[in-house]
Amino acid sequence: MSSLIHPTAVIESGANLGRDISVGPFAVIEKGAEIGDGVVLESHAVVKKWARIGDDVRVGHFCVVGGDPQHLDFDCEIESFVSIGQGSRLGEGVTVHRSMYEHKVTKVGESSFLMGNSHVAHDSNLAQQVILANGVLLGGHVEIGKDVFVGGGAGVHQFVRIGPGAMIGGLAEISKDVGPNLLVMGRNRACGLNHVGMKRRGVSDEDMRSLKRLFRDLLTRPVPISKLAQERMNELNEDSSSAVREFLSFFISGKRGFATCSRK
């Protein structure tokens, strides 16, 4: 299969194009951009020179990949980048901004799906298989773990961490860290564990029971969460599961506080 490039597309000299790509009408690829094999750019997509797009990525209509950070102090001459992982899909109108620091990268992990009009701000780091539903807004420096789903219209404050396997409800307002495998709705309200997601990922019943106990222990009472998480970690034996260790490790660190269901 040869590449299919529409005659109205604008591809600047010096753009690095992979094999078997498809570029739609009026799409723009700037000099210095790197496009992997099998990439599809739909009409009016814009790939800035700072973008690094992996193999088999699909970029929807009117997306902008590699735009400048929306930060008053940003120097547009700085060389920084965006990386879109292999097999990811960007829906219509998605924007992903490059880092505000020299030689640093805003990252979207492999096999992620950013639905229409979602936004990933500078210096965010999304792991593999992350799904952002329509209209999700991520502030700068947000960290999202593997297999996270963020519901439509949700807003995530800058510097927030969201642990692997978490699920964020639609229109949620997230300004505190969200632990692994949690279900969070509204304004930082942890409603319980993401049981459906854990079952789909093959988390054992024993691990789910252990995580449920830890959820009640750490997040349903007004307790010093990081200190208690460290104590529980110290009590683990060598046979303790990675899911339990991952859960506790998340709460040992962090500067923004945590989404909980306590009334403190």
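Rule-based calculations on the coordinates, nothing more; no lab input. Fair warning: this is a prediction, and the values are worked out from it, not measured in the lab. FYI the Cβ positions are ideal-geometry reconstructions off the backbone, even for glycines, and counts take in every protein chain you see.
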Next item on the list: Using Cα centres only, tell me the gap between the range 174-216 and the range 1-54 in whole Å.
Entry: 40 Å
Next item on the list: Note the angle between two axes, namely the Cα long axis of helix 205-219 and the longest principal axis of the Cα atoms of the chain, as a number of degrees from 0 to 90, rounded to the nearest 10.
Entry: 80 degrees
Note to self: Quick check on the range 4-141: what are the equivalent-ellipsoid semi-axes from the Cα gyration tensor, as sqrt(5λ), descending, whole Å?
What the structure shows: 21, 17, 13
Note to self: What does the net charge come to around ALA51 if you take all other residues with beta carbon closer than 9 Å to its beta carbon, with K and R at +1 and D and E at -1?
What the structure shows: +2
Item checked: Angle between the chain longest axis and helix 225-235 axis [Cα atoms, degrees, rounded to 10] -> 70 degrees
Checklist line | Additional length obtainable on full extension of the chain from ASP75 to SER111, 0.36 nm per residue less Cα span | finding: 9.8 nm
Checklist line | For the chain, the Rg and Dmax computed from alpha carbons only, in angstrom | finding: 20.1, 65
Checklist line | Distance between the range 64-114 and the range 229-251 - C-alpha centres, whole angstrom | finding: 34 Å
Next item on the list: Calculate for the chain the 222 nm mean residue ellipticity that helices alone would give, adding -39,500 (n - 2.57) per DSSP H run of length 4 or more and normalising by residue count, nearest 500 deg cm²/dmol.
Entry: -5000 deg cm²/dmol
Next item on the list: Taking 7 Å along the Cα-to-C-beta vector as the label spot, tell me the GLU206-ARG245 distance in nanometres, rounded to one decimal.
Entry: 1.5 nm
Check: How much space per residue, in cubic angstrom, does the convex hull of the C-alpha atoms of the range 127-211 take up?
Finding: 77 Å³
Check: Considering amide H positions built from the backbone, and no H for Pro or chain starts, which residues 5 or more places from ARG19, or on another chain, come under 5 Å of its amide H?
Finding: ASP37, GLY38
Next item on the list: Averaged over every viewing direction, what's the projected area of the C-alpha convex hull for the range 65-213? Give it in nm², one decimal, please.
Entry: 8.7 nm²
Item checked: Phi-based couplings in Hz for the range 187-200 (Karplus 6.51, -1.76, 1.60; Gly and Pro marked x) -> 9, 6, 9, 7, 9, x, 9, 7, 4, 4, x, 5, 4, 5
Next item on the list: Just the number, please: Stokes-Einstein D of the range 200-252 in µm²/s, Kirkwood Rh from C-alpha pairs, 37 °C, 0.692 mPa s.
Entry: 287 µm²/s
Notebook entry, point to check: Lys/Arg Cβ at +1, Asp/Glu Cβ at -1, dipole of the chain taken about the Cα centre: which of SER13, ILE162, VAL59 is farthest positive-ward?
Noted result: ILE162
Notebook entry, point to check: Going by a ≥ b ≥ c, the root eigenvalues of the Cα gyration tensor, does the range 1-54 fall in the rounded group (a/c under 1.5), the prolate group (a/b larger than b/c) or the oblate group?
Noted result: oblate
Margin query: Tell me the angle of helix 242-252 to the major Cα principal axis of the chain, expressed in degrees between 0 and 90 and rounded to the nearest ten.
Written below: 90 degrees
Notebook entry, point to check: Relative contact order, percent, of the chain when contacts are C-alpha pairs under 8 Å separated by at least 6 residues?
Noted result: 9 percent
Next item on the list: With r as the distance between the Cβ atoms of THR8 and LYS31 and R0 = 25 Å, compute the FRET efficiency 1/(1 + (r/R0)^6) and round to 0.05.
Entry: 0.85
Next item on the list: Treat every Asp and Glu Cβ in the range 1-137 as -1 and every Lys and Arg Cβ as +1, leave all other atoms uncharged, and give the resulting dipole magnitude about the Cα centre to the nearest 20 debye.
Entry: 240 debye
Next item on the list: Would you mind giving the three semi-axes, in whole Å and largest first, of the ellipsoid equivalent to the range 75-147 according to its Cα gyration tensor?
Entry: 20, 13, 10
